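Report on the structure given below.
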Amino acid sequence: MRKKIVAGNWKMNKTFIDAEELISDIADLLEEIDLGNTEVIICPPFLFLEIATDIAEEANYSVGAQNMSDQEAGAFTGEISGAMLASMEVEYCIIGHSERRKYHHETHEMLARKIDLALTHSIRPIFCCGEILAEREAGMHMEIVKKQLEESLFHLNETELSSVVIAYEPVWAIGTGVNATAAQAQEMHAYIRDLVKTRYSQQIAFETSILYGGSCNSKNAKELFAQQDVDGGLIGGASLDASEFIRIIQSF
Ligand code: PGA
């Protein structure tokens, strides 16, 4: 049975004291609930990964980074490598977020390299895909997502792909307060699962967790997560408040 996952993408928010407090609050609240088959992942900024992994030793969540370099090591000032993340016991890394594609000009090829390096270091990629508004309005959303998967993910073999979590994040829904409808999310998630089935197998398609991201909050999570092919969420803004984040986790 594939895992249900709720991952919090903090983006560039919080300073040290606030980050420590938020992680501790989430850890405390997680103690009080039965997670069942749900995995919780916290993805704070790089600087706070250490505190996140320290607290995680005694708590019920996993830790992810928001990005990593597409190079192994060397003269890349300001970059963080997969090996560094692995050495900090980071288990996941968001790769291909639309904000990085847009503001840091990350290409399909770079993302494919990041995916490979993450897997080399036993870090599980949370691979983001999704169309911009103009692409959806032009009816090209399926085509765009297919290309993103084919160019950055589908070079993997079946064993490698089994470590990947996919996150469908329509760009027009991210941070806008306008989430995809449950029907729009289900349609795309079923399509993604079908692409995985065609490229790999029925088995791996069935086992791959596909998360929805984009203005997901405690008000809409229940309906979104109830869809057959929506296995949880990648949560931005609403993951910055412990009680709100926990309410989303309890939405299955
Ligand atoms: P949002 O962000 O929940 O604030 O829309 C989601 C994301 O970008 O991962």
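The values are calculated or read from the model by the stated rules, or taken from the named source; none is laboratory data. Note that the structure is predicted; figures quoted are calculated from it, not measured. Note that each Cβ is placed from the backbone with ideal geometry, even for glycine, and that neighbours are counted across all protein chains shown. Heavy atoms of the whole protein, side chains included, go into the accessibility calculation; ligands, DNA and RNA do not. Shrake-Rupley method; radii C 1.70, N 1.55, O 1.52, S 1.80 Å.
Compute, for THR159, the solvent-accessible surface of its heavy atoms (probe 1.4 Å) with the complete set of protein chains present, and express it in square angstrom to the nearest 10.
Using a 1.4 Å probe on the heavy atoms, I get roughly 110 Å².
Sequence gap at least 6, Cα distance under 8 Å: using those rules, report the relative contact order of the range 4-249 to the nearest whole percent.
Details: 451 pairs, mean separation 50.8, N = 246.
About 21 percent, as a whole number.
Using DSSP to call loops (not H, G, I, E or B), can you name the trypsin sites (Lys or Arg not before Pro) in the range 192-243 whose Cβ has at most 15 other Cβ atoms within 10 angstrom? Numbers along the way, then the final one.
On the way: sites: ARG193, LYS197, ARG199, LYS219, LYS222; in loops: LYS219.
Hits after loop and neighbour filter: LYS219.
Mind ranking 20-32, 118-130 by how tightly packed they are, going by the mean number of other C-beta atoms within 10 angstrom, highest first? Each step should come with its number before you reach the end.
Details: 20-32: 16.4, 118-130: 22.3.
Ranking, from highest mean packing down: 118-130, 20-32.
I'd like the per residue volume of the convex hull spanned by the Cα atoms of the chain, given in cubic angstrom. Spell out each step's value before the answer.
Details: hull volume 29.4 nm³, N = 252.
Taking the convex hull of the Cα positions in the chain, it is 116 Å³ per residue.
Return the calculated 222 nm mean residue ellipticity for the chain, to the nearest 500 deg cm²/dmol, obtained by summing -39500 (n - 2.57) across DSSP H runs with n ≥ 4 and dividing by the residue count. Working shown, then result.
Numbers: 12 runs with 107 residues, N = 252.
Rounded to the nearest 500, it is -12000 deg cm²/dmol.
Filter LYS11/LYS222; LYS11/LYS114; LYS4/LYS219 down to the pairs with a C-alpha to C-alpha distance above 20 Å, please.
Details: LYS11/LYS222 23 Å; LYS11/LYS114 18 Å; LYS4/LYS219 18 Å.
Over 20 Å apart, Cα to Cα: LYS11/LYS222.
Net charge near GLU20, counting Lys/Arg +1 and Asp/Glu -1 over other residues with Cβ under 12 Å of its Cβ?
Numbers: positive: LYS14; negative: ASP18, GLU21, ASP25, GLU50, ASP54.
Net charge in that neighbourhood comes out at -4.
May I ask you to evaluate 6.51 cos²θ - 1.76 cosθ + 1.60, the Karplus curve with θ = phi - 60°, for each residue of the range 164-171 and list the ³J(HN,Hα) values in order in whole Hz, giving x for glycine and proline?
9, 9, 9, 10, 8, 10, x, 4
Projecting each Cα onto the charge dipole of the chain (Lys/Arg +1, Asp/Glu -1 at the beta carbon, about the Cα centre), which of PHE225, MET140, ILE17 comes out farthest on the positive side?
Looking along the dipole axis, the top candidate is MET140.
Round to a whole number: what % of the accessible area of the chain belongs to carbon and sulfur, probe 1.4 Å? Let's see the in-between values first.
On the way: 5740 of 11390 Å².
Exposed carbon and sulfur together represent 50 percent of the surface.
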